[in-house]
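Working notes for the structure below.
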Amino acid sequence: MPKISSHPTHLWPSARALGAVCSAAILLSACGGASEVGTPQSLQGDSDVTLAEDLEAGPLPVLFAQDPNAALQVPQVVLAAALTTQAAAISEPVTSTENAASSAVLQGAVAMGNSLVQALGFKASATSMSAFEPALSVTTLVPDPGALMLLLPDGQNMADPGVSAWMDAASELGVRMQPITDAQFMALGDAARDFAGLILPDGLHVQATDALLAAVKTYTEQGGRSMLVFDFGALTTLSDGTPVYPIPKSRLSDMAGVDYVMYDALRDKTTGLGPVTATRSTLRSLLVPPGKSLPFAGLTASNAAAPLLSAAQISSDTALYLPVGVNDAGGARGFDVQQYSQMSYAKSSDRSLPKKSARQVKIDLGRAVQGPTLPAVSQPAPDPTPSATLSTSALVPSTTQVALNEPLEAYSGYLLGPLIYPSYVTQGEFGGLPGQKVLATSPQFGLVAGVNTVGAGQVLFVNLPLTYLKGRTDALMMHGYLNYFVREVLDLPHLSAMPNGVGGMTFDWHLDAKAAQAPTGALIKLKVFSDPKALFSIEMTAGPDAIVAGDGLGWNLARNKTAQNYLKTFKTAGHSVGSHGGWNHDFYGLSVSETNELGSTGGACVNTLLRVDNFLQCLVLNRRDVDAATGVKARSYSSPEGNNPLWSMDWHEQQGVVSTYFAGHTGLGGTRQYREGRLLNPGVWVFPVTPAGLYATYEEFQDYNVPQSEVIAWKREMIDFGVTHNTSRMIYAHPPGAYLWRNVLLDMLGYAKSKGPQFAWYTMEQLADFMNRRLQVSWSQNLDAASGQTVFTASHPQSLQEMVWRLPKSRFVQAPVIESGSATVDGSDARFWLVKAQGGTRLVFRS
């Protein structure tokens, strides 16, 4: 049994020992209007003990200052609140007073009586009765060779959004997942290896017994495949049930291949907050599309290349750390990534007007503590293979990797450049032993993800809080690493997420204001909207004004015959037509909030029929006129400036909207709206924006002098990405900028057309309908002992049309044979057999 720290409750008092935490707000100037994104909401969900209470501190200060001379053409970053330099040693002993205070915090956390996922910020879905849902029963499971096991504590509430986050991710990736309790897993014994693999999730199973972890290790060593995530099993318990950190490291360090959760030595430097890097090819295999990652220029990058890193003062000598404790074992709640979804996106409504002040983008560093970087903990090891062998605490790529000219890139965000994420500090060499493969690293904190051989089995170690990130509108990492586990480690058959198994892309047009009327007409003359195989999503802001009430710059759709004909033409051609927010584009996008649904707009959105003036009427009026123009009820929506309050999503779901443009989960394909720590609006599929690095639209490319050649290359890479990875991503545009760079637009359309049947354009509405039908597919696989073949059985209550199963040829050598039902087998793909259903409600095939 591991040793137990004599000061396990050295939590927030240790943060006080280090000094005041930094609460910085970053102001990023970028052309396109003036706005402030609202202060991120509490990270605590319904937790009984907040971080502020733990620290015995008041609200974190957020100061703002704008440089009046900030240039519009180059992003400017101003650090509004200076970071506090932390000079206290991390090895400072805990005083008896601190122990007493920390013990009180511990008792409060234990008294919460709920699973630790509550403390991670997840709340029950509004559509569920989580408090009354039965927990998983302890029954014997029948092993399923095509299903993943999701290991959960005994008594886990299955309605917990953290559970559904994993289940939905698996469903969207086309694989099946079976929740399994500790008792069920232990009872399976050797039969557990008859399942496809084991997921050890973060957030849901932070405490684990020695007996359970021994069973997990035995499963893996004897040939099982495990995905070990962040803080799974990070805590053990004393005999009285008190949760504590083991000494000197995680009990699963041997499975990960590196030492981590080294609380005894590192205390409040146990978890770092910084960029995550990987080679470009690895990021693509992790489903990171082109533009969502950028070349990583190191920690001395200029402000223009890395605005967030520069403003946060992250350098080769200075790092950020997140305080940890037993109610937040990895410290992830100390920084809210949901802020990344609150960037104010570009618009075209004021392109004809003189530029005004630069807009402000605020990033709150939350509870991050600034301190010196940790020294290397081991000497560089010889590089015996051309893989990325890493050997220091910073895990710098090997010289061999650099020699191969494999670009190193970082997960990046719109307007911010390289983003920052929590990961445990790791120590020890990784990548030099047979079977080890480095996937992602932190320039300052060590291994972020890698594959390790453990006995006869394998472990995909992911040192990131995937569950927490998804709940805070950043699901790309969960879906990407789960996809890697499914495709590269397990090589599982799966149900394609694309209609007819054809990858593609969604092109979303935002018609903000009347300034787009002439460019839209010009694009129509160029036949941009005429190809029946290139259908787009198109949304219009319909009111008479565009920036402020009375400016007359809006489409004024009800009295604009040209605009009405545009929408009718688009709808007749097969495009999806919907509302772009709220009547007055800029006013709504900059003014709407979570609290002013029924608040007055000051005359901007007056429903004269009802004699009502409020922000809800901005949506009502806009939808009324768009629907009147097309003659049908719109089923798609996009929000001006990316500002989409929860009440707006609720209202649109009630109106029958099934798909929306979304500023969160950037870089991901169509997905569920996990937000505020829970699944919201299950009837609506959200389509995240994929940016091209720091920017996303033609207007920004033009304003920031991005070369046309780079934009052309990015759009072509996006098309190739959809084809290669059998997926789809969404990009968006405005007619004014698109027409100005029509050569770039036409090149993209021509390149997509050159792909033939390998590529398809999809509207948001079309994909939402497909994914809703796909949810109704039930399928299984079983081994036929007599023939040694795998038998697949699928059914659907209406029709299996457009459903395609992809069977890896490495595992299924012979072509599948259809036993019953209507389907064809396509062997043209180099890696997969494609079993394409042609209709019917039941299909059986074997291979």
Quiz item: Based on what the data block shows, is G788 among the small types (G, A, S) and either in contact with a Pro (Cβ under 7 Å, 6 or more places away or on another chain) or closer than 30 Å to S709 by Cβ (or both)?
Solution: no
Quiz item: Just checking, how many residues over segment 589-602 are open to solvent by less than 60 Å² (accessible area, probe 1.4 Å) and in contact with a strand residue (DSSP E or B) (Cβ under 7 Å, 6 or more places away or on another chain)?
Solution: 1
Quiz item: In segment 285-313, what count of residues is obtained for those that are among the β-branched types (V, I, T) and open to solvent by 10 Å² or more (accessible area, probe 1.4 Å)?
Solution: 1
Quiz prompt | Only one of D747, D769, D703, D720 that is of a type in the set (D, E, K, R), modelled with pLDDT under 95 and farther than 29 Å from D336 by Cα | solution = D703
Self-check item: Criterion: closer than 21 Å to W761 by Cα, hydroxyl-bearing (S, T, Y) and within 13 Å of the chain's Cα centre (by Cα) - qualifying residue of T666, T660
Solution: T666
Quiz item: Looking at D613, D586, which one is among the charged types (D, E, K, R), open to solvent by 30 Å² or more (accessible area, probe 1.4 Å) and more than 21 Å from S659 (Cβ to Cβ)?
Solution: D613
Quiz item: Is segment 270-279 home to any residue that is farther than 22 Å from Y468 by Cα and modelled with pLDDT of 95 or more?
Solution: yes
Quiz item: Hey, among the residues in segment 544-583 that are under 36 Å from the mean Cα position of the chain (by Cα) and of a type in the set (K, R), which one's surrounded by the most Cβ atoms within 10 Å (Cβ to Cβ)?
Solution: K571
Quiz prompt | Subset of segment 623-672 that is within 22 Å of T690 (Cα to Cα) and among the β-branched types (V, I, T) - its residue that is surrounded by the fewest Cβ atoms within 10 Å (Cβ to Cβ) | solution = V658
Exercise. With a cut-off of at least 1 residues that are modelled with pLDDT of 75 or more and among the aromatic types (F, W, Y), name the strands (runs of 3 or more DSSP E) lying wholly within segment 304-404.
Key: 318-322
Self-check item: Set L213, L283, L235: member being on the phi < 0 side of the Ramachandran plot and within 24 Å of the chain's Cα centre (by Cα)
Solution: L283
Exercise. Please note which helices (runs of 4 or more DSSP H) are completely contained in segment 452-534 and include at least 2 residues that are open to solvent by 10 Å² or more (accessible area, probe 1.4 Å) and more than 16 Å from R806 (Cα to Cα).
Key: 517-525
Quiz item: How do the pairs read when you match residues in segment 600-613 that are in contact (Cβ under 8 Å) with a residue 40 or more places away in the chain and within 22 Å of G552 (Cβ to Cβ) with residues anywhere that are open to solvent by 50 Å² or more (accessible area, probe 1.4 Å) and aliphatic (A, V, I, L, M), using Cβ under 9 Å and keeping only pairs 6 or more apart or on different chains?
Solution: T601/A549; G602/A549; G603/A549; A604/V548; A604/A549; C605/A549
Quiz item: Can you tell me which residue in segment 144-175 is modelled with the lowest pLDDT, limited to those that are within 22 Å of L680 (Cα to Cα), surrounded by fewer than 20 Cβ atoms within 10 Å (Cβ to Cβ) and touching a strand residue (DSSP E or B) at 6+ places or on another chain (Cβ under 8 Å)?
Solution: M158
Practice problem: Would you check if G417 is under 30 Å from K809 (Cα atoms) and not basic (K, R)? | Solution: no
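The values are calculated or read from the model by the stated rules, or taken from the named source; none is laboratory data. A quick note: this is a predicted structure, and the numbers were derived from the prediction, not measured. Methodologically, a virtual Cβ is constructed for each residue, glycine included, from the backbone with ideal geometry; neighbour enumeration extends over all protein chains shown. Note: accessible area is taken over every heavy atom of the protein model, side chains too, but ligands, DNA and RNA are not part of it. Shrake-Rupley method; radii C 1.70, N 1.55, O 1.52, S 1.80 Å.
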